[in-house]
Amino acid sequence: MQFQEDSHICAFVSQRTVFADGVRPATLVVSDEKIQEILYDTSEDVVRYLSQKYPGIPFNDCGSLVLMPGIIDSHVHVNEPGRTEWEGFHTATRAAAAGGVTTIADMPLNSIPPTTTLDNLKTKAREAYAKSFVDVAFWGGVIPGNQHELRSLINAGVVGFKCFLCPSGIDEFPQVSVDDVRKTLLELWTTKTVLAFHAECEELEKTNPLTDPGLYNTFLHTRPDLMELKAVKLICDWCIKYNVRCHIVHLSSAKCLALINDAKTRGAPLTVETCYHYLILAAEEIPEGSTEFKCCPPIRGKNNREQLWHGIKNGTLDMVVSDHSPCVPELKTRGNFLTAWGGISSLQFGLPLIWTAARTRNISFSDISKLLSKQPARLCGLEDRKGDLFVGMDADFIIWDPEESIKVEVDDIYYKNKLTPYQGKILFGKTIATVLRGRFVFKEGKVCDKPVGKLLLHASILQTIET
């Protein structure tokens, strides 16, 4: 396709435009960063009509390339400030743009300081300001004793809060107790805010017959399904009892699906995400010593993976995110699964990862868009402007070719630390262009030169960091 230069008004034309109810030819008129008009037609008559209505309007004709709402990755660890050598806003958002992600929601850890107070949020926002190539939203964090900080963070515009029911691995972000959770839910009861949980509870009596730290199964035995089952049972009970929006992050164990489905059936305002790596990778396929595959909760077996896909198809699982959790290479302690940092980087490759697996499982483009865009937007309270194609929504698009393949190569990775379990993999679904509020932030294989992303915070907070 031929891309037109950014203009105050333009049109995007695709024979495969992805809407919530299906895929159809459409022409989208974009002006003032929004979708101003949608015509479900791509004929010459439409071109003539729009050329008369908007003299000189440029057309971006995508042909049969798929035009879909921009991806919203609601689970990203940027780590700046404090651990910027792990990842920063400049590198993370460039990777997002290259992968068709138009909005990320930054997690409250592993930065120093964590996003657990209003002052800490301002510190992080100042770092993100003028560095972001896509829009950035922020999660707040719940730790023991900071319940009095939550209202000020809500007023500042955080999308929700995250807590850990087990050690986070980060000293600045301790786990919460049952009493901490109760106090938090009572504090959030009159709000529309969501409380997200790292859903693992520590096992008091762990038995691990495997002692070789180079074997993946040695690590897998230290994070059994029971850790997730215990946590998910607690979360489901809390969600029903307090009727506060709750969200389970990065679910890995399919044994939890029945509990989740039961809670939803009983009316719990509960949502659940899983991650690309749990749907793509399998424990049996992880080579000895390959610590780039380590994450928490762990990647489980092939049968578990197929059950997660069943949970995707029947709606028990609401969305798929990256949990982009990078670190410096030395923390991956090659060869030792017990001491290596647990986190997988995939922010740039979410769409081809999910599409490569979904295309053989009878999952449609609209289903993909719901999982990667619509549902994460709703989780973050952004559904009035992002995640779907309607008049008045932000003109955030990914234009991609589902038939074309890519090979994951280190030289093509934009995020800071390029260690990945996907290196060398052939994946279907190539991002051709990424459009943020009507402007190209990625096209012709390159990220734009200037950061144009916005911080999705309330105006009062933006004023304090812009001055």
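What follows draws every value from the coordinates through simple rules; no lab data is involved. Given the structure is predicted, the values throughout are model-derived calculations rather than measurements. Here the Cβ is made from the backbone with ideal geometry for all residues, glycine too, and neighbour counts use every protein chain on show.
Structure summary
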| quantity | calculated |
| --- | --- |
| Under 15 Å from Lys425, Cα to Cα: aspartates and glutamates that are on another chain or at least 8 residues apart | Glu285, Glu292, Glu404, Glu409, Asp411, Asp412 |
| Farthest positive-ward along the chain dipole, Cα basis, beta-carbon charges - from Tyr242, Pro326, Ala130 | Tyr242 |
| Debye intensity ratio in log₁₀ form over the Cα atoms of segment 29-74, taken at each q of 0.22, 0.33 Å⁻¹ | -0.95, -1.42 |
| Distance in nm between pseudo-label sites at Ala130 and Val410 (7 Å out along the Cβ direction from Cα) | 3.4 |
| Cα-centre dipole for segment 128-222 with unit charges at Cβ (Lys and Arg positive, Asp and Glu negative), debye to 20 | 460 |
| Antiparallel bridges, percent of DSSP beta bridges restricted to segment 1-148 (to nearest 5) | 50 |
| Area projected by the alpha carbon convex hull of the chain, averaged over all directions, nm² | 21.1 |
| Stokes-Einstein translational diffusion, segment 358-443 - Kirkwood Rh over all Cα pairs, 0.692 mPa s, 37 °C, in µm²/s | 221 |
| FRET efficiency, Thr211 to Arg334 (Cβ-Cβ, R0 22 Å, nearest 0.05) | 0.75 |
| Positive-pole candidate from Gln423, Asn60, Thr115, dipole of the chain, charges at beta carbon | Thr115 |
| Percent of C-alpha pairs per 5 Å bin, segment 159-310, short to long | 2, 9, 18, 21, 20, 15, 9, 5, 2, 0, 0 |
| Exposure rule at most 11 other beta-carbon atoms within 10 Å, DSSP loop chymotrypsin sites (Phe, Trp or Tyr not before Pro): the chain longest free segment | 190-467 |
| Estimated inter-spin distance, Asn243 and Lys122, nm [label 7 Å along Cα→Cβ] | 3.7 |
| Projected area averaged over orientations for segment 159-234, convex hull of C-alpha atoms, nm² | 6.6 |
| Positive-pole candidate from Ile399, Asn362, Gly342, dipole of segment 317-449, charges at beta carbon | Gly342 |
| Cleavage-rule hits, trypsin sites (Lys or Arg not before Pro), segment 235-304, DSSP coil, Cβ neighbours within 10 Å at most 16 | Arg266 |
| Square roots of five times the Cα gyration tensor eigenvalues for segment 17-152, Å | 40, 15, 14 |
| The chain - share of DSSP beta bridges that are antiparallel (%, nearest 5) | 50 |
| Given charges at beta-carbon only (K, R positive; D, E negative), |dipole| of the chain in Debye | 580 |
| Distance histogram for segment 226-294 (every C-alpha pair counted, 5 angstrom bins, percent rounded to whole numbers) | 3, 15, 25, 20, 14, 9, 7, 5, 2 |
| Calculated over segment 74-166: convex hull of Cα atoms, volume per residue (Å³) | 92 |
| Relative frequency of Cα-Cα separations exceeding 29 Å in segment 321-467, percent | 27 |
| Dipole magnitude of segment 249-348 about its Cα centre (Cβ charges: Lys, Arg +1; Asp, Glu -1), debye to nearest 20 | 220 |
| Convex hull volume per residue for segment 1-89, taking Cα atoms only, in Å³ | 143 |
| Length-normalised contact order for segment 1-130 - Cα pairs under 8 Å, 6+ apart - percent | 22 |
